[in-house]
Amino acid sequence: MSLQMITVGHNIALIQPGFSLMNFDGQVFFFGQKGWPKRSCPTGVFHFDIKQNHLKLKPAIFSKDSCYLPPLRYPATCSYKGNTDSDKHQYIIHGGKTPNNELSDKIYIMSVAYKNNKKVTFRCTEKDLVGDVPEARYGHSIDVVYSRGKSMGVLFGGRSYMPSTQRTTEKWNSVADCLPHVFLVDFEFGCATSYILPELQDGLSFHVSIARNDTIYILGGHSLASNRRPANLYRVRVDLPLGTPAVNCTVLPGGISVSSAILTQTNNDEFVIVGGYQLENQKRMACSIVSLGDNTIEISEMETPDWTPDIKHSKIWFGSNMGNGTVFLGIPGDNKQAMSEAFYFYMLRCSEDDVSEEQKIVSNSQTSTEDPGDSTPFEDSEEFCFSAEATSFDGDDEFDTYNEDDEDDESVTGYWITCCPTCDVDINTWVPFYSTELNKPAMIYCSHGDGHWVHAQCMDLEERTLIHLSEGSNKYYCNEHVQIARALQTPKRSLPLQKPPMKSLHKKGSGKVLTPAKKSFLRRLFH
């Protein structure tokens, strides 16, 4: 095992806990930035390019027939091997948190539309589910099993918000364990079926899952109800005959107590578990090797890498699996220094041998954890995620350049604000009001004073008016400032009164004769 420090470009501050990494034919892509995608890269998916220990995040492209893919943090992801060569590289994405702190219950399928030299164009489709649709959640796992020539998705665990009847203003974002049901999802027909297995008594999240053929192994995890990390080891087997699927669960000995660990595959039947937490405020520094047989699983400790002092002393760490037996790790920077970075990053190679594409498709680990910014740090009931946010994009090669300076300061122009005394947009209950809003309230800039943002909904603006004002350069004033703005308007300019030259009045011998009207005017002017 080798550990190398990774440097990141000038946008390092965007890399935060909560992301996922996907490996498409040896190329790694980043998904799940913190915050909504920028105009410079509306997809929010980036090529995760590491060369000579330097990381560059380059915006990815989606085909025109793709659906909108919101940035989801802490989702469940897994690779999916289709029936044809064109379906070879696919990833299933379910659940996760949006930047509005809402939970998603949607399933997205990401695949490669086409490749041109080094540039990859993705296609994203949303899959509608019927039947026992799993509730919105995060911190769960999804895997694909193969039996009798058929495939099926298996979803388990996670956390969700408390029922709306139990949520209060003070505890609106309180979460609870999802019921320990196992869901089978048919990706072809979009059918979901829930199964209750007596062996699974407690809800779990941030566990590790490994899929092999028709079997899934579930290791570790954290239970909010008991506030424990039991040494779980479950074997869930799925049989897919022509009729009703059969699902059974077996409790196995030899599990490990860990949550938020990262799983990476080193060869056909071997995996390595890295990182995670074993107790409150205590990282799990050991690494475990998992060996799978036809009907067996063995877990044993392996030689740990030479952890740096920064890694040893940090209270939290996060990361994700890059594929090919490689793990991307991050730890908080030293905030005692004025110019310290937000996070430091490392790349851990668990195996020097290359892993084939067929090997990479088999496994999946649930590596998402709780965002330390959304909870009290180091509580045992909260986990920490493996994320990164799109940052260092250079304009070389054939990739477009991302320029963060083009964006507004979200700390000032955030969408979740109280824009006026009568503002009724609620961050917790907001739903799209206009078709142009997509995933956040439509807003417009009031030009009074230093300017401020207001919700179009609160200002009673019609959608066509909003679009008209957004496209033009006219100033707009909100209901509160429109009267003030009118009072400050500059009066229309009037032509100045023309005065006759003084010399012409006293010049002798000019021969000019003043009329009585001009004499009267001059008297009023000078007297």
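Just so you know, all these numbers are worked out from the coordinates, no wet-lab data involved. All values derive from a computational prediction rather than experimental measurement. So basically every Cβ, Gly included, is an ideal-geometry build from the backbone, and we count neighbours across all protein chains shown.
For residue 78, the residues whose modelled amide H falls within less than 5 Å of its own, excluding neighbours fewer than 5 places apart on the same chain, are 92. The chymotrypsin sites (Phe, Trp or Tyr not before Pro) of the stretch 1-75 that DSSP puts in a loop, and whose beta carbon has at most 16 other beta carbons within 10 Å, are 68. Distant-in-sequence amide contacts of residue 187, defined by a placed amide H-H separation under 5 Å and a gap of 5 or more residues or a different chain, comprise 153. Close amide H pairs (under 5 Å, H built 1.01 Å from N) link residue 343 with 333, residues at least 5 positions away or on another chain.
In order along the stretch 122-138, the phi-based Karplus estimate (6.51 cos²θ - 1.76 cosθ + 1.60, θ = phi - 60°) of 3J(HN,Hα) comes to 9, 10, 10, 10, 9, 9, 7, 10, 10, x, 7, 6, x, 5, 4, 6, 8 Hz; Gly and Pro are listed as x.
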